[in-house]
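The values are calculated or read from the model by the stated rules, or taken from the named source; none is laboratory data. What you see is a predicted model; the values in this text were computed from it and never measured. Heads up, the Cβs are rebuilt from the backbone with ideal geometry, glycines too, and the neighbour counts pull from every protein chain shown. With ligands, DNA and RNA removed, areas are computed over all heavy atoms of the protein, side chains included. Shrake-Rupley method; radii C 1.70, N 1.55, O 1.52, S 1.80 Å.
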Amino acid sequence: MWWWSLVACASGGGVGDDPSGDADTGDLAGYTCPTPAARPDPHDWALTGEAAAGGLATLTLGADGPVYAGSALSGLWRLGALDDPEFLKLGGASTSHTLGDLVVDASDPTLLYRSAGGTLHRSDNAGDTWVVTTLGVRDDAAEFPGHVYGIGVVTGAPGVVYALLDTGVFAASADRGDTWEARGLLPVDGGADSMVDYYRRFRILGGATLGDPVLVHDGRNVYRSDDAGWSWTAVRADAGRPTTFARDPSDPDEVVVDGARSHDGGSTWTDADAVDLAWWGDALYTVVDDVLTVDGAEVYALPTLGTTGVVGAGAHVYAADDTHLWHSADGGVTWTWYAHSNVETNFSVVVPDPHCVGVVWAGTRCDSGVYRSVDWGTSWVRVPTHGHYVMDIVFDPAVPGTVWLVNDDMLMRSVDGGATWSSLWTEFHFHGFALDPEAPGRMLLGSVGSGDWADTQGQVYVSTDDGQTFAPTAGLPDNEASAHSLLFLPDDVVLLGTYKAGDASHLFGAGLGVWRSTDRGLTWAQTLLPSADVATVRAGPDATWAATGTGVFRTDDGGQTWALVLAGTHRWVDFAGDGGLALAIDGSVWRSQDAGDTWTLDRPPEDPPEGMVIENPLARVAWAPWAEADGVAWWTRYGAGIERKVWAAP
């Protein structure tokens with residue numbers, strides 16, 4: 001990945017206007033092309049508009065700040081002081097698509113615990129850097145196999161931290177998470193199927209002293225322990241997914257959860273209308289129908305529907321919905337929102353819709369999923385779908401509205417332009433995908449032979465029934481590579497580019513070069529292309545191209561022979577055939593307008609800070625496919641967003 005760019009782009013934004021005036025996003029309820037937006041004026045490579053990430057699920061703060069906001073899609077954000085004008089995106093271990101808990105130590109607001117990717121991370125400096133603990137590794141050899149879903153602290157006992165694993169194990173540490181002791185087992189039903197249910201929210205209330213009862217919310221039920229986690233009693237069933245689960249810091253018997261309140265430490269409960277309750281300082285905040293009440297007296301309308309959290313300190317009150325963070329400096333009377341907080345930057349795929357002028361789709365890597373722009377990338381809207389690690393987005397060239405989405409572990413299809421999706425196959429880590437242009441309903445799908453969700457080998461599968469069933473093809477040897485890129489050519493020829501694998505980052509091992517089929521993908525034979533790692537094979541108007549680890553190659557005979565046309569000391573990761581654009585792993589873009597005979601540098605490489613490493617093997621470059629809009633291109637700058645260039649109209 002662009003390791004350095006997570007730091008270089010870790011800037012928040014100022015307080016802006018109400019986001020309700022976002023650009024029109026087209027009709028996602030059906031596939032109707034929007035009225036084409038005007039072609040952007042010519043400009044050099046520059047970042048397109050921001051994409052809101054969504055997934056805000058945790059909002060907390062120390063006594064006087066900082067304020068922390070955690071998104072299951074974009075990671076962790078921090079407001080350094082209560083009146084700061086911007087949130088800061090925190091990099092490193094805080095970025096994860098797994099919904100995790102976030103807890104601030106009451107005795108030290110710079111001491112954080114976070115569940116990221118299922119493991120427990122600790123920061124001693126307000127999230128600037130992170131220490132990965134041993135807890136939460138799903139490995140049979142681990143001391144406590146499973147993922148960390150809930151975290152809690154004891155406010156009067158610095159260094160004491162509790163964790164609840166998806167296996168039901170309740171673990172305790174007295175040294176800030178360096179070592180752990182397994183205590184009681186809760187009857188949660190996550191277990192091996194927990195990844196299917198990772199949107200459940202686990203919460204732990206550790207109390208003010210070690211002698212206080214410990215309460216756990218497992219996303220459905222509330223449990224209580226009177227012996228520091230060694231034994232447990234269910235005290236509230238079907239409590240629902242908690243927006244807030246909180247305890248009065250001055251009276252541990254006062255506990256609130258969505259829609260209920262307890263005056264005896266959680267033993268009994270009284271229903272309440274409020275859906276979000278929490279103590280901050282000496283004030284009790286409640287939310288009913290998106291109206292904020294402070295200590296039952298001062299009532300103010302919240303700025304947004306669907307509030308996921310409210311925190312406050314004195315006159316400063318903060319609220320979050322799924323997408324935006326809000327601030328009030330007058331106790332909730334007036335509100336402003338943070339314009340550049342919780343935005344998505346980790347894009348790996350960008351693909352124009354061939355049926356609609358100005359419509360561009362993009363996919364993220366282990367983050368927010370799929371986005372669509374109807375104005376050439378100037379603004380983006382998130383398309384609702386399960387997909388979070390997008391390997392490719394493919395449009396049916398003959399059927400407008402049919403979109404195929406290749407995730408790391410799932411093949412999905414929409415027949416209504418992204419309004420609804422169906423999952424067709426969930427089993428392996430998939431990557432390459434191609435629709436047969438001469439046989440409707442026929443397609444090829446490539447798998448990955450090593451790492452998480454690996455197939456028994458890198459393989460190509462064929463479906464003849466619109467993705468309902470797949471069968472393996474023949475000819476590929478046993479391998480651990482990724483069947484990375486597939487391309488149908490005339491005369492029954494199909495090309496397969498293979499690449500590194502190892503895990504979803506595709507940074508380990510080696511590919512097997514380019515393979516060729518002369519029977520539309522049923523059997524395969526290796527070509528003589530002299531490069532093992534082939535990120536993409538692309539067709540252009542003049543030739544067919546392969547972007548590889550040693551250069552860009554061209555073939556004029558369907559892949560039987562290859563000529564090196566662009567070399568370099570860095571790896572090449574994509575090629576836009578129509579525009580003659582080659583994208584290198586260092587972020588440089590080269591262009592040829594004579595079928596690869598000569599090249600010019602169109603965008604210089606990234607210039608990372610000293611000591612940082614550039615690794616972004618999943619970047620993409622795309623050229624506008626619409627004849628009336630020739631001369632527009634995009635590429636995915638991982639950790640920053642999507643860049644666009646517009647040449648003068650032809």
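Give the residue that is modelled with the lowest pLDDT, with candidates limited to residues of the stretch 255-278 that are open to solvent by less than 30 Å² (accessible area, probe 1.4 Å) and not in a loop (DSSP other than H, G, I, E, B). Selected residue: Asp276. I need the full set of residues from the stretch 357-377 which are in contact with a strand residue (DSSP E or B) (Cβ under 6 Å, 6 or more places away or on another chain) and closer than 17 Å to Gly631 by Cβ, in order please. If the condition is that a residue be in contact with a strand residue (DSSP E or B) (Cβ under 6 Å, 6 or more places away or on another chain) and closer than 17 Å to Gly631 by Cβ, then Val360, Gly377 are the ones that fit. When restricted to residues that are of a type in the set (S, T, N, Q) and open to solvent by 50 Å² or more (accessible area, probe 1.4 Å), the stretch 410-461 contains 4. Evaluate the following for Gly314: is it open to solvent by less than 10 Å² (accessible area, probe 1.4 Å), in contact (Cβ under 8 Å) with a residue 24 or more places away in the chain and on the phi > 0 side of the Ramachandran plot? Answer is no for this residue.
Among what's in the stretch 364-377 and is over 9 Å from the mean Cα position of the chain (by Cα) and closer than 17 Å to Arg620 by Cα, pick the residue that is surrounded by the fewest Cβ atoms within 10 Å (Cβ to Cβ). Walk me through how you get there before you give the answer.
Step one: filter the stretch 364-377 for residues over 9 Å from the mean Cα position of the chain (by Cα), giving 370-377.
If we keep only those that are closer than 17 Å to Arg620 by Cα as well, we get 370-373, 376-377.
Numbers: Val370: 25, Tyr371: 26, Arg372: 22, Ser373: 28, Trp376: 24, Gly377: 25.
Result: Arg372.
Filter the stretch 345-363 down to the residues that are at pLDDT below 90 and open to solvent by less than 10 Å² (accessible area, probe 1.4 Å), then identify the one that is nearest to Ser447 (Cα to Cα). Within the stretch 345-363, the match that is nearest to Ser447 (Cα to Cα) is Ser348. The set of residues from the stretch 482-517 being open to solvent by less than 30 Å² (accessible area, probe 1.4 Å), modelled with pLDDT under 95 and of a type in the set (A, V, I, L, M, F, W, C) comprises Ala501, Ala504.
State all residues of the stretch 392-406 that are open to solvent by 10 Å² or more (accessible area, probe 1.4 Å) and either of a type in the set (Val, Ile, Thr) or in a strand (DSSP E or B) (or both); if no residue qualifies, say none. Of everything in the stretch 392-406, those that are open to solvent by 10 Å² or more (accessible area, probe 1.4 Å) and either of a type in the set (Val, Ile, Thr) or in a strand (DSSP E or B) (or both) turn out to be Asp392, Val394, Phe395, Val399, Thr402. Considering the conditions (1) open to solvent by less than 40 Å² (accessible area, probe 1.4 Å); (2) touching a Pro at 6+ places or on another chain (Cβ under 9 Å); (3) modelled with pLDDT of 80 or more, Ala629 is excluded by exactly one of them, (3).
On the basis of being farther than 21 Å from His484 by Cβ, touching a helix residue (DSSP H, G or I) at 6+ places or on another chain (Cβ under 9 Å), of a type outside the set (Asp, Glu) and open to solvent by 20 Å² or more (accessible area, probe 1.4 Å), does Val381 make the cut?
Working: farther than 21 Å from His484 by Cβ: yes; touching a helix residue (DSSP H, G or I) at 6+ places or on another chain (Cβ under 9 Å): no; of a type outside the set (Asp, Glu): yes; open to solvent by 20 Å² or more (accessible area, probe 1.4 Å): yes.
No; evaluated as a whole, the condition is false for this residue.
Please enumerate the residues belonging to the stretch 544-576 that are aliphatic (A, V, I, L, M) and either open to solvent by 20 Å² or more (accessible area, probe 1.4 Å) or modelled with pLDDT of 90 or more (or both). Answer for the stretch 544-576, where residues must be aliphatic (A, V, I, L, M) and either open to solvent by 20 Å² or more (accessible area, probe 1.4 Å) or modelled with pLDDT of 90 or more (or both): Ala546, Ala547, Val552, Ala563, Leu564, Val565, Leu566, Ala567. Of all the residues in the stretch 171-219, those that are outside any loop (DSSP other than H, G, I, E, B), under 30 Å from Gly54 (Cα atoms) and at pLDDT 80 or above number 6. Of all residues in the stretch 220-254, those that are outside any strand (DSSP E or B) and modelled with pLDDT of 80 or more total 9. Here the condition is being charged (D, E, K, R) and either at pLDDT 90 or above or assigned to a strand (DSSP E or B) (or both); of Asp416, Asp367, Asp466, Asp409, it holds for Asp466 alone. Suppose we keep only residues that are at pLDDT below 90 and either among the acidic types (Asp, Glu) or over 20 Å from the mean Cα position of the chain (by Cα) (or both) within the stretch 632-650. Which one would you say is most open to solvent (accessible area, probe 1.4 Å)? Step by step, filter the stretch 632-650, then rank; the result is Pro650.
Scan the stretch 64-76 and give yes if some residue there is buried (at least 18 other Cβ atoms within 10 Å of the Cβ), farther than 29 Å from Asp375 by Cα and modelled with pLDDT under 80, otherwise no. So far as the stretch 64-76 goes, yes, one or more of its residues are buried (at least 18 other Cβ atoms within 10 Å of the Cβ), farther than 29 Å from Asp375 by Cα and modelled with pLDDT under 80. Being over 18 Å from Asp574 (Cα atoms), open to solvent by 50 Å² or more (accessible area, probe 1.4 Å), without any contact (Cβ under 8 Å) to a residue 40 or more places away in the chain and among the polar types (S, T, N, Q) holds for only one residue in Thr527, Thr523, Thr464, and it is Thr464.
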